Amino acid sequence: MLEELKAEVLRAHQEFVKKGLVTLTWGNCSAIDRERGLVVIKPSGVDYDKLVLRDLVVVDLNGKVVEGKLIPSSDTATHLYIYKHFPNVKSIIHTHSTYATSWAQSGLDLPLYGTTHADAFNGPIPNTRNLTDEEVKGNYELNTGKVIVETFEERNLDYTAIPGVLVRNHGPFVWGPSVNDALENAITLETISKMAVLTRIINPEAPTAPESLLEKHYKRKHGKDAYYGQKKKDE
């Protein structure tokens, strides 16, 4: 079932290790088949170097296991809540990558200092509020999903233009219209988080990039007037 989607999810987990995004088993990727309402996700606590295709778990949007013998990721409820409320998302990645997690722990939004950031994210990366004691003690993973969606709704942010968030005191979640896009966003978020740390070390008063530069770099890669990269032969 969903063998092609499983292969994409498995490859993403392999890339986590190659790109230095994970330590131990601290991370997961999922992908959704929107037509069937089914999600492929990593099993909980399985080492990346031991993970194989048959280990991946298929769940429905209520979290019921449809296929697989292992327990799905402990973050499954978070992924499912995002899928339910962000309909254009096809894949979600959560890691505890060092620099992005450090920003999440800081309680600060990730500022947009330059064009590397603007090429992928159309603005600062938001940092969520803290979960309340009741939210932590209750359905913690579901409430993590809720606070992510709440952040975008209350700030009137476009989740397709800013495909990532910093969950305070936890870590980054990113997403995209495909597994490859989500993976690229995860790599980019870790890179720009590191760049931002170094920028502040070099100049604690460094200003953020001007809006005109942000708009130029984001729009040259995204939207109907994008011109970055190679056009298809039939265009």
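The values are calculated or read from the model by the stated rules, or taken from the named source; none is laboratory data. Everything quoted here is computed from the prediction, not taken from an experiment. Glycine gets a Cβ as well: all are built from the backbone with ideal geometry, and neighbour counts include every protein chain shown. What goes into the accessible areas is simple: the full protein's heavy atoms, side chains included, and nothing from ligands, DNA or RNA. Shrake-Rupley method; radii C 1.70, N 1.55, O 1.52, S 1.80 Å.
Which value at 222 nm does the chain reach when only helices count, each DSSP H run of 4 or more adding -39,500 (n - 2.57), with the total divided by all residues and rounded to the nearest 500 deg cm²/dmol?
Numbers: 8 runs with 92 residues, N = 235.
It comes out at -12000 deg cm²/dmol, rounded to the nearest 500.
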Name the long-range amide H neighbours of residue 125: under 5 Å, sequence gap of 5 or more, or other chain; modelled H, no Pro or chain starts. 110
Pick from 97, 44, 212: which residue has the top mean-square fluctuation in a GNM of the chain where Cα pairs under 10 Å get a spring? 212
So how exposed is residue 71, as accessible area in Å² (1.4 Å probe, rounded to 10)? 130
Area of residue 86 that stays accessible when all protein chains are in place (1.4 Å probe, Å², to 10): 10
What distance in nm separates the simple spin-label points at residue 71 and residue 135, each placed 7 Å from Cα in the Cβ direction? 2.5
Selected from 209, 104, 31 as most flexible by GNM, with the chain as the system and alpha-carbon contacts under 10 Å: 209
I want to verify a result. In a Gaussian network model of the chain, Cα cutoff 10 Å, which of these has the top mean-square fluctuation: 43, 204, 163? 204
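Would you mind calculating the relative contact order of the range 70-149 from Cα pairs under 8 angstrom and at least 6 residues apart, reporting the percent as a whole number? Each step should come with its number before you reach the end.
On the way: 56 pairs, mean separation 34.2, N = 80.
Contact order relative to length: 43 percent.
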Using a 1.4 Å probe on the protein heavy atoms, what percent of the accessible area of the chain belongs to carbon and sulfur? 49
Average Cα contact separation per residue, the range 1-97, under 8 Å, 6 or more apart, as relative contact order %: 31
Counting alpha carbon pairs within less than 8 Å and at least 6 residues apart, what relative contact order, in whole percent, applies to the chain? 21
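At R0 = 22 Å, how high is the FRET efficiency between residue 102 and residue 54 if r is their beta carbon distance? Nearest 0.05 is fine. Kindly include the intermediate steps, with their values, before the conclusion.
Working: r = 35 Å, r/R0 = 1.61.
Rounded to the nearest 0.05, the efficiency is 0.05.
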Rounded to the nearest 0.05, what FRET efficiency is calculated for residue 219 and residue 178 with R0 set to 25 Å and r the Cβ-Cβ distance? 0.75
Out-of-range pairs (alpha-carbon distance over 18 Å; input 19/194; 6/50; 6/69; 84/146; 90/194): 90/194
